[in-house]
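Structure first, then comments.
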Amino acid sequence: MDGEELTEQETQLYDRQIRVWGADAQRRLSKAHVLVCGIKGTVAEFCKNIVLAGISSLTLVDNRLVTEEALSANFLIPPDEGVFGGETVAELCCDSLKDFNPMVRVSALKGEPSSIDEEFLKTFDVIVVSCCSLAEKKSVNEKCRKLHKRVSFYTVDCRDSCGEIFVDLQDYKYAKKKLEDTVECQLSYPSFEEAISVPWKAHPRKVSKLFYALRVIERFEEAEGRNPGETSISDLPGVLKLKKELCDSQSLNEAHIPDVLLERLVANSKEFPPVCAIIGGILGQEVIKGISGKGDPLKNFFYFDALDGKGIIEDISSEP
């Protein structure tokens with residue numbers, strides 16, 4: 001990320017941001033390349049935020065055609081049905097994002113997360129994955145970890161009025177202010193697979209109910225061969241059965257995964273736009289911190305539920 005200084009045009013355009021986080025942080029942002037796989041409302045908010053922040057390039061991958069559900073939360077897709085013309089979600093979002101900041105290169109590629117190879121991934125500094133299966137999340141994360149360069153990996157998902165962010169910065173060094181001094185810090189992150197494989201009975205304290213509920217739904221969708229979000233209220237008996245099996249095998253009290261929470265997540269898998277703005281904003285903030293190396297990064301899960309208005313950070317890893 002070490003390279004050229006900011007141009008005069010960049011300095012003028014990002015003047016207010018530079019006053020907040022400094023010229024060095026802005027320089028790092030201006031050299032960063034971000035890949036996004038899967039674009040719904042939450043990721044649309046993130047993309048808007050990161051483009052306005054002034055990264056170097058943003059590449060979008062989402063082969064889905066526009067549906068009524070996509071229009072309900074993704075403000076980057078024009079509401080005029082006549083303009084679609086068979087374009088993918090990535091292509092339509094790309095056109096809209098270019099208008100936010102002409103200094104950022106925004107492009108759309110056809111493909112699936114599962115087909116992305118390591119040679120392609122190494123051209124990026126940040127990978128954000130959403131609307132993907134459990135297997136795809138694990139696969140992309142592991143490919144990032146095999147690279148010789150450190151590539152930051154994030155997953156984000158939003159169902160109903162709940163959201164989850166996962167962060168893997170691998171071995172990460174950053175600076176933070178402590179009184180009048182700047183202190184160098186280091187964190188070691190587990191992969192997504194390592195984090196969700198930690199035995200539930202080994203968790204050091206009561207973990208967010210959303211962590212457990214989303215793991216149950218991920219496993220249900222995988223077992224049933226469903227795409228992410230392809231659930232309905234008719235699936236609730238099967239989900240509750242799987243919850244009981246997982247709680248028994250993991251020695252977890254079933255009360256930690258309320259049936260009413262699972263019912264909300266299964267029956268209302270569509271995103272709630274106000275929550276998209278919150279989760280997308282927090283993800284944008286975390287990616288900016290990860291690129292700039294300034295400020296305490298999130299480790300390693302974040303949860304938000306609009307019903308109680310609480311945001312919870314959970315550090316779930318195999319390390320004591």
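The values are calculated or read from the model by the stated rules, or taken from the named source; none is laboratory data. Keep in mind that what you see is a predicted model, and the values were worked out from it rather than measured. Don't worry about glycine lacking a Cβ; one is built from the backbone with ideal geometry, like all the others, and counts go over all protein chains shown. Accessible surface is based on the protein model in full, side chains and every heavy atom, while ligands, DNA and RNA are left aside. Shrake-Rupley method; radii C 1.70, N 1.55, O 1.52, S 1.80 Å.
Tell me, what does the Kirkwood hydrodynamic radius of segment 168-320 come to in angstroms if you use every pair of distinct C-alpha atoms?
Result for segment 168-320, one decimal place: 17.4 Å.
Carbon and sulfur atoms: what percent of the 1.4 Å accessible area of the chain do they account for?
That fraction is 50 percent.
Excluding ligands, DNA and RNA, what is the solvent-accessible area per residue of the chain at a probe of 1.4 Å, expressed in Å²?
Ligands and nucleic acids excluded, the figure is 47 Å² per residue.
Would you be so kind as to identify which of Asn63, Ala23, Gly38 lies farthest towards the positive end of the dipole of segment 1-135, taking Lys and Arg as +1 and Asp and Glu as -1 on Cβ and the Cα centre as origin?
Ala23
Can you report the principal axis dimensions of the chain using only the alpha carbons, biggest first, rounded to whole angstrom?
Between the extreme Cα coordinates on each principal axis of the chain lie 61, 55, 38 Å.
Just want the answer: with Cβ charges of +1 for Lys and Arg and -1 for Asp and Glu, which residue in His203, Cys247, Gly229 is farthest toward the dipole's positive end in segment 196-267?
Of His203, Cys247, Gly229, it is His203.
Enter the mean projected area of the convex hull around the alpha-carbon atoms of segment 196-267, in nm², rounded to one decimal.
In nm², the orientation-averaged hull projection of segment 196-267 is 4.5.
So if we plug the beta-carbon distance of His33 and Thr182 into 1/(1 + (r/R0)^6) with R0 = 22 Å, what FRET efficiency do we get, rounded to 0.05?
The pair His33/Thr182 has a calculated efficiency of 0.25.
Quick one: work out the % antiparallel among DSSP beta bridges in the chain, nearest 5.
DSSP beta bridges in the chain are roughly 55 percent antiparallel.
Could the peptides 220-227, 283-290 be put in order, highest first, of the mean number of other beta-carbon atoms found within 10 Å of their residues?
Highest-to-lowest ranking by the protection proxy: 283-290, 220-227.
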